[in-house]
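For reference, the structure discussed in these notes is given below.
The values are calculated or read from the model by the stated rules, or taken from the named source; none is laboratory data. This is a predicted model, so every value here is computed, not measured. Every residue, glycine as well, gets a Cβ built from its backbone with ideal geometry; the counts of neighbours run over all protein chains shown. With ligands, DNA and RNA removed, areas are computed over all heavy atoms of the protein, side chains included. Shrake-Rupley method; radii C 1.70, N 1.55, O 1.52, S 1.80 Å.
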Amino acid sequence: MASAKERKVRQVIKSFRKKKMSKYNINPDLDEKLRISLAHQGEFLEDISLVYALQSFPLIASKQMFFVDIDGHKTVPVFTTEEDLKIFQQSLENVETEWEPHMLLEILTAIAPTELEAIAFNPKLAKDKNNGNTAYFDKNSLGNFLGVYTSVLNIMLDPENVKSDKMVRTYLVPAFLWKDDEDKIHRGFANLTAKNGDAFVPVFDNLNSFAKWYNTEYFVRPFKENNGQILPLTLKELRHPEEGENIFATTLGVTVNPLDVTTEDYEQTIISWKEID
């Protein structure tokens, strides 16, 4: 029987389960992924799952260009459930507009050259109950958020990436970034230590393998506590960055998908710095 962790991994990379659709054909999984992401802000797997849902399923939006003023910002309302749309409509006075499904990217593209400033997911009045799916995003910040995770998804879901030679493959690499007094970028990396004391940088060529590491509290707690980031890199880019400095301390190389094998077989996952150089 699959463990809870394995079930969560499958939810990230497999197609979303089929559910009863609304009259707008809005998949309930979109609202679910939004709620989970908002409840765990900054969590890589939750955020990338939301972006995948936003790429896959439409939102409910106005048929015509429509905005409301929220805290002085011209904001486009969008909805992930019919119920939230109905609550919003109750607050409108002397406004008639048609609603229909639209992809988020389509909406962002349409408002990019305009004075409209933000996107509101399931906006509420102060008197209305927040059901955990209400959020407000500056259009540029939201666009950047989608862009970052979309680039990762495009790589990780590309079967050609895993088929390619391990030396040219793109990996997900857990890293720590900081700048010195001269504004130079420095990067440190998570480590895994073998029984003999040898240390390696863990890298992952698919979301399943990455999620095993990310969902293990022992590994990910220091990563989160130190504001770790996930970088998509080739081994060449990791070892020889075009800008800044990558610090490898006493590590001897990388270990590819290390939690996919037993501790006795870890050596088959190792690529030394000498091989990469």
Solvent-accessible area, 1.4 Å probe, carbon plus sulfur percent, for the chain: 50 percent
Top of Gln64, Gln41, Gln90 by mean-square fluctuation, Gaussian network on the chain, Cα under 10 Å: Gln90
Whole-angstrom gap from the range 19-68 to the range 143-175, using each part's C-alpha centre: 22 Å
For the chain, size of Cβ-based charge dipole, Lys and Arg +1, Asp and Glu -1, in debye: 1080 debye
The range 161-277, Rg to Rh (Cα coordinates; Rh as Kirkwood inverse mean 1/r): 0.94
Computed magnitude of the charge dipole of the range 176-277 (debye, nearest 20; Cβ of K, R +1, Cβ of D, E -1): 240 debye
Average accessible surface area per residue within the chain, 1.4 Å rolling probe, Å²: 56 Å²
For the chain, built as a Gaussian network whose Cα springs stay under 10 Å, the top-fluctuating residue of Asn196, Asn122, Asn144: Asn196
Between the range 190-257 and the range 95-142, the alpha-carbon center distance in angstrom: 36 Å
The range 21-113 - charge dipole about Cα centre, Lys and Arg +1 at Cβ, Asp and Glu -1, debye rounded to 20: 160 debye
Cα lying deepest toward the dipole's positive end in the range 82-138, options Ile87, Ile107, Ala118, charges on Cβ: Ile87
Over 27 Å between alpha carbons, listed pairs Lys139/Lys184; Lys33/Lys129; Lys74/Lys124; Lys129/Lys224: Lys139/Lys184; Lys129/Lys224
Hydrodynamic radius (Kirkwood) for the chain, which is based on Cα pairs only, to one decimal in Å: 21.1 Å
Ordering of 114-120, 260-266 by burial proxy (mean other Cβ atoms within 10 Å per residue, highest first): 114-120, 260-266
The range 74-188: equivalent-ellipsoid semi-axes (sqrt of 5 x gyration tensor eigenvalues, Cα, Å): 38, 20, 14
